[in-house]
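To start, the structure itself, in structure tokens.
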Amino acid sequence: MKSTVKSPTLGGHGSPLHIFTLDTRNPDRNSAMAASPIFHSSALPFHLRLPKTFSHSSPMSISASPRFDLVIRFGLVRFGALQFVLVYAVKFGTVSSNTMRSTIYDSEIKGKKEDCIWRVKEANANAKAIAAVMEAEEGSQQPQLVLADKLFLLRQPDVQDIDKVRYKEDVFNHVKENDMVPLYETLVADSVLDMDRALLDSMRAKTEDELNKIDEKIADAEENLGESEVREAHLAKSLFFIRIGDKEKALEHLKITETKTVAVGQKMDLVFYTLQLGFFDMDFDLISKSIDKAKNLFEEGGDWERKNRLKVYEGLYCMSTRNFKKAAKLFLDSISTFTTYELFPYDTFIFYTVLTSIISLDRVSLKQKVVDAPEILTVIGKIPFLSEFLNSLYDCQYKSFFSAFAGLTEQIKLDRYLHPHFRYYMREVRTVVYSQFLESYKSVTIEAMAKAFGVTVDFIDLELSRFIAAGKLHCKIDKVAGVLETNRPDAKNALYQATIKQGDFLLNRIQKLSRVIDL
């Protein structure tokens, strides 16, 4: 028998909740339910879909993501003759609480309404526990990185004064609450904050007291406790220096902690702390060395969760150093297993993924990996202009694309990681969209192109002339006739010309070297 019952909102998130029971005495029915499209729908994020190989005989052996494992672990309940009840909860931001349903599959109930209602209540109570765990799993952004973002905005001339007042107050409160003496002195020297001698003395006294207590714990651990306790005490000291913003001492004590660490996973956690320090003040040399160190550690072994986290860190580093193609690849590889909430929220991660993919992927790949990706579809609507920006490009709605692009420019310009590449990114996106438009034509009037993009003829003429001169677009402008003529490059001919050019360069170098040797 199958019955459908309305369910209260799961965890307050308006998420749909699908429930079915697995009866060990009826494996055929269970296999049919496991193959149900409800649980394999492409509308669900990939890492939350029920594997098609799922069976009642091995419900705990599913190798998926930590989120799915959490659902499995917390979703198993015993109900008398029924051995397992799997509660499958999926978080959907686009589904309202009015459309929530709990679907119960249970051949053993045989129409017992009261028993059915009791089982639903039990399952819903269990689902709330799942929602709480999933929410706690997401965590929050690392406070120092939130502070770094506010400091960046505080220094930007494009930020309104009223917002700067709020950011300045937030920065001051964070510095005061965490006794960040080194950072406070730096900000006072840069005229970001005003000097308060009494506050500075108070923060110094607090940090000295806390540091003395940590040193006492380290001494006690070394004398009376084991190696793990000694390591934990040194790690506490490292985290203390990270909290107060003393980068040099934090790095020094992280190295000391590493010498007392044996497990590869714990060493990786120390590398992640180092990477966060690097991203705080955009120390690319430190970030690059830390990423190389992490990759070497993974050769010794390491769990997949930390490997996926490292991909996001490396992707952010690549994006920050203008390697958008590699950043897009790493972000797309991590999209279904994202757990790096200490760097930025999932919405921001999707924002970066879409922006880097647009200028890095070809049309076919963009459709498969981004436009139709269920993980992106679930949250892209929450980010202003991003959905229109992506879909209008793919659908060749160029007027809508330019409108959405104008709306996104402010977000890109005021992003700490993308700001240095703002002008470059603007050029690359326009190159992509102009190339896509011209690819459909052998010749087209400038007026028709200007109309398609919703701009003036003079603007498009000036734009194209710049990109043609820079070698970004393969076409020529007939100003008299008002026509654009495309001249698509021949790949074989271009390779031949490049070979000739490099050959001439090599011959010249050899001739110069021979003259030196003759002397």
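Tell me, yes or no, whether the range 328-343 has at least one residue that is closer than 25 Å to Lys164 by Cα and either part of a helix (DSSP H, G or I) or touching a residue at least 40 places away in the same chain (Cβ under 8 Å) (or both).
Yes: the range 328-343 contains one or more residues that are closer than 25 Å to Lys164 by Cα and either part of a helix (DSSP H, G or I) or touching a residue at least 40 places away in the same chain (Cβ under 8 Å) (or both).
Taking Glu169 as the residue in question, decide whether it is farther than 17 Å from Leu239 by Cβ and out of contact with any helix residue (DSSP H, G or I) (no Cβ under 6 Å at 6 or more places or on another chain).
Against the criterion (farther than 17 Å from Leu239 by Cβ and out of contact with any helix residue (DSSP H, G or I) (no Cβ under 6 Å at 6 or more places or on another chain)), Glu169 qualifies.
Name the residues in the range 452-474 that are surrounded by 15 or more Cβ atoms within 10 Å (Cβ to Cβ) and charged (D, E, K, R), would you?
Scanning the range 452-474 gives Asp461, Glu463, Lys472.
Residues to consider are Arg197, Arg204, Arg243; find the one that is out of contact with any Lys or Arg (no Cβ under 8 Å at 6 or more places or on another chain), within 27 Å of Asp303 (Cβ to Cβ), open to solvent by 40 Å² or more (accessible area, probe 1.4 Å) and not acidic (Asp, Glu).
Arg243
Within the range 379-413, how many residues are part of a helix (DSSP H, G or I), open to solvent by 60 Å² or more (accessible area, probe 1.4 Å) and within 20 Å of Asp362 (Cβ to Cβ)?
0
Please verify whether Lys369 is surrounded by fewer than 20 Cβ atoms within 10 Å (Cβ to Cβ) and out of contact with any Phe, Trp or Tyr (no Cβ under 9 Å at 6 or more places or on another chain), treating the condition exactly as stated.
Against the criterion (surrounded by fewer than 20 Cβ atoms within 10 Å (Cβ to Cβ) and out of contact with any Phe, Trp or Tyr (no Cβ under 9 Å at 6 or more places or on another chain)), Lys369 qualifies.
If a residue must be crowded, with 18+ Cβ neighbours inside 10 Å and not in a helix (DSSP H, G or I), how many such residues does the range 248-278 contain?
Number satisfying all stated conditions: 1.
Could you grab me the full set of residues in the range 344-366 that are acidic (Asp, Glu) and part of a helix (DSSP H, G or I)?
Asp347, the sole residue that qualifies.
Return yes when Asp220 is assigned to a helix (DSSP H, G or I), modelled with pLDDT under 90, of a type outside the set (A, V, I, L, M, F, W, C) and open to solvent by less than 80 Å² (accessible area, probe 1.4 Å) and no when it is not.
So Asp220 fits the description; yes.
Wholly within the range 414-519, which strands (runs of 3 or more DSSP E) include no fewer than the required count, namely at least 3 residues that are free of Cβ contacts under 8 Å to residues at least 12 places away in the same chain?
none
List the pairs whose first member sits in the range 164-177 and is part of a helix (DSSP H, G or I), whose second member is crowded, with 17+ Cβ neighbours inside 10 Å and among the hydroxyl-bearing types (Ser, Thr, Tyr), and whose Cβ atoms are under 8 Å apart, counting only residues at least 6 apart or on separate chains?
Going by the 8 Å Cβ cut-off, the qualifying pairs are Val175/Tyr184.
How about the range 367-376: which of its residues are part of a helix (DSSP H, G or I) and in contact (Cβ under 8 Å) with a residue 12 or more places away in the chain?
Within the range 367-376, Lys367, Lys369, Val370, Val371, Pro374, Glu375, Ile376 meet the criteria.
Answer yes or no as to whether Asp285 is open to solvent by 20 Å² or more (accessible area, probe 1.4 Å), in a helix (DSSP H, G or I), over 24 Å from Leu183 (Cβ atoms) and modelled with pLDDT of 90 or more.
When the stated conditions are applied, Asp285 does not pass them.
Could you please find all residues in the range 415-427 being open to solvent by less than 50 Å² (accessible area, probe 1.4 Å) and within 19 Å of Gly315 (Cα to Cα)?
Once the filter is applied, which keeps residues that are open to solvent by less than 50 Å² (accessible area, probe 1.4 Å) and within 19 Å of Gly315 (Cα to Cα), the range 415-427 yields Asp415, Arg416, Tyr417, Leu418, His421, Phe422, Tyr425.
Quick check on the range 428-450: of everything there that is among the charged types (D, E, K, R) and surrounded by 15 or more Cβ atoms within 10 Å (Cβ to Cβ), which residue is farthest from Lys399 (Cα to Cα)?
My answer is Glu428.
Quick one: Asn212 ticks every box in (1) more than 30 Å from Val230 (Cβ to Cβ); (2) open to solvent by 50 Å² or more (accessible area, probe 1.4 Å) except a single one, so which number is it?
That leaves (1) as the condition not met.
Go through the residues of the range 304-317 one by one and say whether even a single one is at pLDDT below 90, surrounded by fewer than 20 Cβ atoms within 10 Å (Cβ to Cβ) and touching a Lys or Arg at 6+ places or on another chain (Cβ under 8 Å).
no
The values are calculated or read from the model by the stated rules, or taken from the named source; none is laboratory data. As the structure is a computational prediction, the values presented were derived from the model and not from experiment. No Cβ is skipped: glycine too gets one built from the backbone with ideal geometry, and neighbour counts run over all protein chains shown. Surface accessibility is based on the protein's heavy atoms, side chains included, excluding ligands, DNA and RNA. Shrake-Rupley method; radii C 1.70, N 1.55, O 1.52, S 1.80 Å.
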